[in-house]
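The values are calculated or read from the model by the stated rules, or taken from the named source; none is laboratory data. Computed from a predicted structure; not experimentally measured. Quick reminder, even Gly has a Cβ in these numbers, built from the backbone with ideal geometry, and neighbours come from all protein chains shown. Heads up: the accessible areas ignore ligands, DNA and RNA and are worked out on the full protein's heavy atoms, side chains in. Shrake-Rupley method; radii C 1.70, N 1.55, O 1.52, S 1.80 Å.
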Amino acid sequence: MLNIKKVKELQKQNNKLNEYINLENQGRLTDMICYIRGAGISDYKQELVRRDLIEMVLSIQERGENINNVIGGDFKEFCDNVIANLQPRTIKEKVLITSNVFCIGLSTFFTLRIIFSKDTYAHGLFAKETVNYSLPITLGTIIFTIIMLIFSGIIVEVITKKPYKKQEGSIVVATIIATFILTAKFGKTVIFTVNIFTAIGVVIVLFIIHKFLSKVYFDLYK
């Protein structure tokens, strides 16, 4: 079964080959790879396609040609033809990825709350204030976390589709403004409190689940 080590090894090989791409072709190759990464195919297949693209560009360079002249101006159509021949992620893969992102996001949320909250032990040590082992979770913090988890997916979509699809910057700006407004409005409304050691335990459990989901995900491919 394929594991994450084999995927990383393929990534390492591709990174090494990529060093031989000249500046004239590097920008266009990067655009194509970004587009492929947003196509909803597995990480391993992404790296296989990336290797094929790098080898294709290297072959073009060796012939003294330019990638624009060989492939033509419509790189989106070229990439779509490549993607059409690949099997998209299954529902199981999508569930694993979404669950993994949720675990990472939630563990990051609790970690930051533990470190920066004025009511926690960590802050008390640095500020030399009275230590409090309770961690208040406000409505504003919950709203901020949910929006950021959703917003992170939008950012990925923008990055991967940017070379071939015009994005509306107003959506990004509006999301940021709405997040700050909602956080400011509900920031002091405490929903519940959590013992700091319970929060630390949650972070550890979420990290273990993240590692487990990552292993399951990479073990899906032969």
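Pairs under 9 Å by beta carbon, first residue closer than 20 Å to Glu19 by Cα in the stretch 38-52, partner surrounded by fewer than 19 Cβ atoms within 10 Å (Cβ to Cβ) and basic (Lys, Arg), six or more apart or different chains?
Correct list of pairs: Gln46/Arg37; Arg50/Arg37.
Can you name the number of the only condition in (1) over 20 Å from the mean Cα position of the chain (by Cα); (2) of a type outside the set (Phe, Trp, Tyr); (3) open to solvent by less than 30 Å² (accessible area, probe 1.4 Å); (4) at pLDDT below 70 that Thr160 fails?
Every condition holds for Thr160 apart from (1).
In the stretch 28-64, which residue that is of a type in the set (Gly, Ala, Ser) and over 27 Å from Leu96 (Cα atoms) is most open to solvent (accessible area, probe 1.4 Å)?
Filtering the stretch 28-64 for residues of a type in the set (Gly, Ala, Ser) gives 38-40, 42, 59, 64.
Adding the requirement that they be over 27 Å from Leu96 (Cα atoms) leaves 59, 64.
Values: Ser59: 46, Gly64: 68 Å².
For the stretch 28-64, the residue satisfying everything is Gly64.
Determine which member of the set Ile104, Ile91 is open to solvent by 40 Å² or more (accessible area, probe 1.4 Å) and touching a His at 6+ places or on another chain (Cβ under 9 Å). Give the steps one after another, and end with the answer.
On the way: Ile91 fails: touching a His at 6+ places or on another chain (Cβ under 9 Å).
Result: Ile104 is the single residue among Ile104, Ile91 that is open to solvent by 40 Å² or more (accessible area, probe 1.4 Å) and touching a His at 6+ places or on another chain (Cβ under 9 Å).
I need every pair where a residue in the stretch 108-121 that is closer than 14 Å to Tyr133 by Cα and surrounded by fewer than 20 Cβ atoms within 10 Å (Cβ to Cβ) has its Cβ under 8 Å from the Cβ of a residue that is at pLDDT 75 or above and polar (S, T, N, Q), sequence separation at least 6 or different chains.
Asp119/Ser134
If Glu65 meets every condition in (1) in a loop (DSSP other than H, G, I, E, B); (2) touching a residue at least 40 places away in the same chain (Cβ under 8 Å) apart from one, which number is that one?
Of the numbered conditions (1) in a loop (DSSP other than H, G, I, E, B); (2) touching a residue at least 40 places away in the same chain (Cβ under 8 Å), the odd one out for Glu65 is (2).
Pull out all pairs, ordered by first then second residue, where Cβ-Cβ is under 8 Å, the residues are six or more apart or on different chains, the first lies in the stretch 81-104 and is in a helix (DSSP H, G or I), and the second is of a type in the set (S, T, N, Q).
Listed by first residue and then by second, the contacts come to Glu93/Ser42; Asn100/Ser214; Val101/Ser152.
Quick one: Ile67 ticks every box in (1) open to solvent by 30 Å² or more (accessible area, probe 1.4 Å); (2) among the hydrophobic types (A, V, I, L, M, F, W, C); (3) in contact with a Lys or Arg (Cβ under 6 Å, 6 or more places away or on another chain) bar one, so which box is it?
(1)
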